[in-house]
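Notes for the one structure printed next.
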Amino acid sequence: MKYTDLGLVNTRDMFADAIARRYAVPAFNFYNMETLSAILSAVRTARSPVILAVSESAMKYMGDDMLIGMIRGAGFAPRDGVALHLDHGGSFEACAHAIEIGFSSVMIDASKMPFEQNIELSRRVAEMAHQHNVSVEAELGTLSGIEDENTFGTTSSYTNPDDVVKFVGATGIDSLAVAIGTSHGAYKRKSDDETLRFDILAEIATRLPEFPLVLHGASSIPPHLVRTIDEFGGKMSDARGIAPQQLRRATEMNICKINVDSDLRLAFTAGVRESLSNKPANFNPREYLGAAMRRITDTCLDEIRSIMGSEGKL
Ligand code: G3H
Ligand code: 13P
Ligand code: ZN
């Protein structure tokens, strides 16, 4: 299936506009009908472009036919500004498969490989993807945190600004994910004082003027969602994310894609817990999943407005 037959777009024009007008396109992860619908309600209300991100494990969870069936069912047209993106593709084959079934953008994540191997794999993926007019993201530097259900990386290394020109030139990628102090998951910070390394980001942006940069691990972990989860039987009081003002500042410095997964998981969980606690006799999933969807939509809308700056940018 070609992505254009699904009404999707690649990320090239999106990123050019985001760089020119200094905002970030939200990349929200989805893994079922509820998360997809809730994200779409928010972007439709806000008239924001969106990158619908799917990890390899989420792809396995949904199954290719169900995943692409839902995308087809959404009835996109290019003017809707929707890209379907493989998040953290771990191999050439995973990226090729995603492109074959209808993805318009892929990430090849070889960031844990030695520099030259990262270049070689990212270059091969870019060459293959560009034959299909699909965009490619790669990563330099490594983030700590949970990258998938089975892997928890505890080591992180910032992106070295001295490497970025060679990496982008040698690979031909369309966007670069950088490590400047974010991390995956809900436990990113011990204190609220920790800040992103804007000095490193500034160096990178100077060396790659007008080049699209990507921030992974960028959930802000809204405190009200953590409080709701804990109030209704959860236990997440140490969860802490990246301050929204810091993310907003990053969008002024060529960060034009901000990845958010954990915040939507929190929203989903808060909605389900609150709904079930308030109505212990309810056993209709549409009721508590409906509550979850409303929480996700609200969270996406908040972040489109206060972090991404992408409202009305379609
Ligand atoms: O960046 C990683 C994403 O949060 C994906 O997580 O593999 O559990 O879907 P997942
Ligand atoms: P969070 O865990 O901060 O939401 O990061 C998501 C992400 O980077 C997906 O690629
Ligand atoms: Zn990520």
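Here are the numbers for this structure:
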item: Net charge, ASP163 excluded, C-beta distance under 13 Å - Lys, Arg +1, Asp, Glu -1; result: -2
item: Order of LYS257, LYS279, LYS190 under a 10 Å beta carbon neighbour criterion, fewest first; result: LYS190, LYS279, LYS257
item: Sorted largest first, extent of segment 157-227 alpha carbons per principal axis (Å); result: 46, 21, 20
item: Rg/Rg_ref, segment 1-45, where Rg_ref = 2.2 N^0.38 Å and atoms are Cα; result: 1.35
item: Antiparallel %, DSSP beta bridges [both residues in segment 87-218], to 5; result: 25
item: Nearest-ten-degree value, helix 285-303 long axis tilted from longest Cα axis of the chain; result: 50
item: Spacing of the two label points (7 Å from each Cα toward its C-beta) at SER157 and ARG305, in nm; result: 4.2
item: Segment 1-120 - Rg over Rh from alpha carbon coordinates, Kirkwood radius; result: 0.97
item: Residues listed by number, segment 249-266, amide nitrogen under 15 Å from ASP238 label point at 7 Å toward C-beta; result: none
item: Summed residue charge, Cβ within 10 Å of ILE51's Cβ, Lys/Arg positive, Asp/Glu negative; result: -1
item: Quarter of the Cα convex hull surface for segment 170-267, i.e. its orientation-mean projected area (nm²); result: 6.7
item: Normalised alpha carbon radius of gyration of the chain [divisor 2.2 N^0.38 Å]; result: 0.95
item: Options SER220, ALA186, PHE232, ranked by Cα towards positive dipole end of segment 95-250, top entry (Cβ charges); result: PHE232
item: Centre separation in Å (Cα based) which lies between segment 226-279 and segment 114-140; result: 31
item: Relative contact order [Cα under 8 Å, 6+ residues apart], segment 171-314, whole percent; result: 25
item: Relative contact order of the chain, pairs being alpha-carbon contacts under 8 Å that are 6 or more residues apart, as %; result: 22
item: Rounded tilt (10° steps) of 92-101 against the dominant C-alpha axis of the chain; result: 60
item: Backbone HN-Hα couplings from phi across segment 158-170 [Karplus 6.51/-1.76/1.60, Hz, Gly and Pro as x]; result: 5, 5, 8, x, 5, 8, 6, 5, 4, 4, 5, x, 6
item: Cα-based helix-to-principal-axis angle, 12-21 vs the chain, degrees rounded to 10; result: 80
item: 5 angstrom amide H check on ARG189, placed H, neighbours 5+ away; result: ARG240
item: Top of GLU56, GLU194, GLU274 by mean-square fluctuation, Gaussian network on the chain, Cα under 10 Å; result: GLU194
item: Whole-number percent relative contact order across segment 1-145, with pairs defined as alpha carbons under 8 Å at least 6 apart; result: 26
item: Cβ-Cβ FRET estimate between THR4 and MET66, R0 fixed at 25 Å, reported to 0.05; result: 0.75
item: Antiparallel %, DSSP beta bridges [both residues in the chain], to 5; result: 10
item: Sequence of PHE283, PHE198, PHE30 once ranked by neighbouring C-beta atoms within 10 Å, starting from the fewest; result: PHE283, PHE198, PHE30
item: Total charge dipole magnitude, segment 1-124, about the Cα centre, Cβ charges on Lys, Arg, Asp, Glu only, Debye to nearest 20; result: 480
item: Förster-model FRET efficiency, 51 Å R0, ASP13 and PHE283, C-beta, rounded to 0.05; result: 0.65
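Computed from the coordinates by the stated procedures, all read-outs in this text should not be read as laboratory data. Values in this document were obtained by computation on a predicted structure and should not be read as measured data. FYI the Cβ positions are ideal-geometry reconstructions off the backbone, even for glycines, and counts take in every protein chain you see.
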